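The values are calculated or read from the model by the stated rules, or taken from the named source; none is laboratory data. This structure is a prediction, so every number in the text was calculated from the model and none was measured. Using ideal geometry, Cβ is built from the backbone for each residue, glycine included, and neighbour counts are taken over all protein chains shown. Keep in mind that these areas ignore ligands, DNA and RNA; they rest on the heavy atoms of the full protein, side chains included. Shrake-Rupley method; radii C 1.70, N 1.55, O 1.52, S 1.80 Å.
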Amino acid sequence: MSGLKPTCKEVHRLVSEGMDRQLSLVERTRMRLHLAVCEACTRFNGQMDLLRRAMRQGPPDDKAP
Amino acid sequence: MITDANSLHRQLEAMRPQLVRFAQLQLRNDALAEDAVQDALIAVLEKPERFAGQSSLRTYVTGILKFKIIDNLRVATRERQIDSAEDQSEDEAIDALFLADGHTVEQPRAWGNPDGTLEQKDFFRVLEVCLEKLPAQTARIFMMREWLELDTDEICKELAITSANAWVMLYRARIRLRECLDLNWFGAPAPRSMGTL
């Protein structure tokens, strides 16, 4: 772990990795505490969320004519 | 609502091009991609009663296609090597997003209400073009993770890479897609055209 407080660079990476593996308790805590006070990373988290939802959900269905 | 076999056939045919494009992103082989889609469409047409009452034809067909693609992945990826030259420029692209002190160079854009975005078909068209712009290996692994929903272990086994490799490649894919969507959907001030792509 790089320092007392994680940087946005580290948290961006953790947000992404958290989508692919279980983060450790330490990683998860560091990330969450940082997200609570960081708008940039919070927005990134939301962007990643949308991206995943979009891929899993797919486009809205055609309305039947 | 499916009223007859002709209608079902027509609807499936209308989906074919997009399904082939998605298959190609993963199989990187036109013949395999077309075969996978053809198999999926035939599977639906042979047993139309299986579809009855399910949520959506697209969801149903896509589900079958995903299994076909998974079956074919082994064939498609055998000769593929991970291109490490691709890696270096990707790492630089990520580094460029951050200042020396670890803060982001730019504030990520606010993307607004996700539900509203996901209701728009045009958004998905833009997303698909963004997927097609990804480098080949990046596209493949991203699709395997986010569309086929394979887990890290399964992906690593298929592609013969380490978990660390996989996570980095997925991170790069997401960064690229984020930038593409930012530019071509969320950033555009006026009615969207595909001209900027």
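Figures for the structure shown
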read-out	value
Environment charge at B:GLU154 (Cβ cut-off 14 Å; Lys +1, Arg +1, Asp -1, Glu -1)	-1
MRE, 222 nm, helices only [DSSP H, n ≥ 4, -39500 (n - 2.57), over chain B, to nearest 500]	-21000 deg cm²/dmol
A:LEU23 long-range amide H proximity, modeled H, under 5 Å	none
On Cα atoms only, tilt of B:84-95 relative to the major axis of chain B in degrees	60 degrees
For residues of A:36-45, the mean tally of beta carbons on other chains within 10 Å	3
Sulfur and carbon atoms: percent of accessible area, the protein assembly as shown [1.4 Å]	51 percent
Amide H partners (placed H, <5 Å) of B:PHE98, local residues excluded	B:VAL105
Accessible surface, 1.4 Å probe, highest first, among residues A:MET48, A:MET31	A:MET31, A:MET48
Peptide A:7-19 - average C-beta neighbours from other chains (10 Å radius)	5
Exposure of B:THR162 as accessible area (Å², to 10), given a probe of 1.4 Å and all protein chains	80 Å²
Between the stretch B:8-39 and the stretch B:142-167, the Cα center-to-center distance that results, in Å	22 Å
FRET efficiency, 1/(1 + (r/R0)^6) with R0 22 Å, evaluated for B:ALA110 and B:SER89 via beta carbons	0.15
Cα Rg, Dmax (largest Cα-Cα span) when computed across chain B, Å	18.8, 63
Computed E for B:ILE42/B:ASP153 - FRET, C-beta separation, R0 45 angstrom, nearest 0.05	0.90
On Cα atoms only, tilt of B:136-146 relative to the major axis of chain B in degrees	70 degrees
Angle between chain B longest axis and helix B:30-46 axis [Cα atoms, degrees, rounded to 10]	40 degrees
Normalised per residue, the volume of the convex hull around the Cα set of chain A (Å³)	97 Å³
Helix-only mean residue ellipticity at 222 nm for chain A, each DSSP H run of n ≥ 4 adding -39500 (n - 2.57), per residue, nearest 500	-21000 deg cm²/dmol
The protein assembly as shown, Rg to Rh (Cα coordinates; Rh as Kirkwood inverse mean 1/r)	0.99
For chain B, accessible area per residue (1.4 Å probe, heavy atoms of protein chains only), Å²	53 Å²
Anchor B:LYS47: lysines whose Cα lies under 18 Å away (excluding residues fewer than 8 positions away in-chain)	B:LYS66, B:LYS68
